[in-house]
Amino acid sequence: MLAEIKGLNEECGIFGVWGHPDAAQLTYYGLHSLQHRGQEGTGIVVSDGKTLKGVKGEGLVTEIFTADAMKELTGTAAIGHVRYATAGGGGYENVQPLLFHSQSGSLALAHNGNLVNANSLKHQLETQGSIFQTSSDTEVLAHLIRRSGFANMNDRVKNALSMLKGAYAYLIMTENELMVALDPHGLRPLSLGCLGDAYVVASETCAFDVVGVEYIRDIMPGELLIINEKGLTSEQFAVSSTKAMCMMEYVYFSRPDSNIQGINVHTARKNMGKRLAVEAPIEADVVTGVPDSSISAAIGYAEAAGIPYEMGLVKNKYVGRTFIQPSQALREQGVKMKLSAVRGVVEGKRVVMVDDSIVRGTTSRRIVSLLKDAGATEVHVVISSPPIKNPCFYGIDTATKEELIASDKSVEEIRELIGADSLTFLSLDGMVKALGQDGNGGFCLGCFTGNYPTEIYPDTLQYYYQRG
Ligand code: SF4
């Protein structure tokens, strides 16, 4: 499904390079391939070993990094960021990397995820005299590093990281070091690769492929990597208790050509579709998927069910970005602009429509009606994940609990609301097993089950239940 019409948005993507003469250019291409993770703002900060300087702005990678802007970005190390704003809101000042200059040196930060204790820490820091430049939770780390009593930079970073709770993949760059940190649950994906002698870090491995980077490994939960002229060292700054990679990365967010924890995203989605065909056998003439993220699951469903897969829905890729339209009514109009049903495929047919998830239900209702208007005699909606009943506190904008259609409605009530002939969700067990795993170990399933891997702080709860 299209992120901007679904009401389900990833918050960020990060990319970093150490030890390459074209560090900024590599970061540009890396960020471009991570653009699906955030389209509201982007930035790159480079280091030439003496100073840090950056370019950032609100817009897409191709809009912000003009040829003139790229000429400014000279250096052998760089970190970059693409942002979708939720916690802290949008605005130029919140576009990352954040860059801080002080007498003791400069520091640049890029963050993917969301801290659940940011408000408490911010309050604490402000009472100690800190003045925040942004309303984003990312800045908290910079203040914690500055205020840490340790003399050595690495110790200050470790000490600061140990105070954070929630989801974070951080790139922290000084004039002479790149540090890479992942939260103790490993909620967000982050991988390490190399290009000759240079090291590269990215939110998704698809960003490696585009610049010819060789994948080395994933960053471990609670790990701090330090890359400098001496090479690469790894330390654990926190003990990882329960590994909890975000399940929605597999279901919906990541690109199908990315691998997360050794599992290819397309294959995972295809397996989810295959399991769905076993859990929800339907007599139908064609299977179609909602582009783009549901295509893999639809192919899997069709293969396992023995029903032909057809392109019953097409996406118009060149329509303006609907995410800048704030109201729900406008978003619904956006769906019509972005998707069309293929009459020649669905007319007179019983259609299985595969989608990856249902958030508010309004988009599903519109797609069912698109298919019926194009002549489908029956539309059976099958969803390759369980109902999303709870908000995400870790950087995915799933909407508030009140906006989530499955939070207080039964499957039958949702079916009726979206106008489908039948509606089936993949079981929790089926989804986890589709990844080749038994039981629930290793994944965050919070938005499905309401059981979160971290403590959720009262001020965070208040924010998520009141906004919207
Ligand atoms: S609550 Fe859901 S969206 Fe958020 S990190 Fe967990 S699985 Fe991902």
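The values are calculated or read from the model by the stated rules, or taken from the named source; none is laboratory data. None of these values were measured; they are calculated from a predicted model. Virtual Cβ from ideal backbone geometry, glycine too; neighbours counted across all protein chains shown. To get the accessible areas, we keep the full protein, side chains included, count just its heavy atoms, and leave off ligands, DNA and RNA. Shrake-Rupley method; radii C 1.70, N 1.55, O 1.52, S 1.80 Å.
Please work out which residue is nearest to the ligand (Cβ to nearest atom), limiting yourself to segment 398-415 and to residues that are in contact with a Phe, Trp or Tyr (Cβ under 7 Å, 6 or more places away or on another chain) and open to solvent by 20 Å² or more (accessible area, probe 1.4 Å).
The residue in question is 401.
Do we have any residue at all in segment 136-152 that's in a strand (DSSP E or B) and not β-branched (Val, Ile, Thr)?
Checked segment 136-152: no residue is in a strand (DSSP E or B) and not β-branched (Val, Ile, Thr).
Spot the failing condition for residue 459; the list is (1) in a strand (DSSP E or B); (2) at pLDDT below 95, and only one is missed.
(1)
What number of residues within segment 416-433 are surrounded by fewer than 21 Cβ atoms within 10 Å (Cβ to Cβ), in contact with a Lys or Arg (Cβ under 7 Å, 6 or more places away or on another chain) and part of a strand (DSSP E or B)?
1
Being assigned to a loop (DSSP other than H, G, I, E, B), touching a residue at least 12 places away in the same chain (Cβ under 8 Å) and away from the ligand (no atom under 12 Å from the Cβ) is the filter; apply it to segment 434-454 and report the residue that is most open to solvent (accessible area, probe 1.4 Å).
Top of the filtered list is 436.
If residue 25 passes every condition in (1) crowded, with 21+ Cβ neighbours inside 10 Å; (2) at pLDDT 95 or above but one, which one does it miss?
(1)
Among strands (runs of 3 or more DSSP E) lying entirely in segment 199-300, which contain 1 or more residues that are open to solvent by 40 Å² or more (accessible area, probe 1.4 Å), closer than 24 Å to residue 179 by Cβ and of a type in the set (S, T, N, Q)?
231-236
Name the residues in segment 344-373 that are under 21 Å from residue 283 (Cα atoms) and open to solvent by less than 10 Å² (accessible area, probe 1.4 Å), would you?
346, 351, 352, 353, 354, 355, 356, 364, 367, 368, 371
For segment 68-110, which positions are modelled with pLDDT of 95 or more and farther than 16 Å from residue 53 by Cα?
82 - this is the single residue of segment 68-110 that is modelled with pLDDT of 95 or more and farther than 16 Å from residue 53 by Cα.
Is it true that some residue in segment 126-133 is in contact (Cβ under 8 Å) with a residue 12 or more places away in the chain and closer than 18 Å to residue 171 by Cα?
no
Taking residue 394, is it at pLDDT below 95, within 11 Å of the ligand (Cβ to nearest atom), touching a helix residue (DSSP H, G or I) at 6+ places or on another chain (Cβ under 7 Å) and part of a loop (DSSP other than H, G, I, E, B)?
Answer is no for this residue.
Please go through segment 157-178 and pick out each residue that is more than 16 Å from the ligand (Cβ to nearest atom) and open to solvent by 40 Å² or more (accessible area, probe 1.4 Å).
158, 159, 162, 163, 176
Filter segment 397-438 for residues that are modelled with pLDDT under 90 and within 19 Å of residue 362 (Cβ to Cβ) and give the result.
Once the filter is applied, which keeps residues that are modelled with pLDDT under 90 and within 19 Å of residue 362 (Cβ to Cβ), segment 397-438 yields 397, 398, 399, 400, 401, 402, 403.
All but one of (1) open to solvent by 20 Å² or more (accessible area, probe 1.4 Å); (2) at pLDDT below 90 hold for residue 127; which doesn't?
(2)
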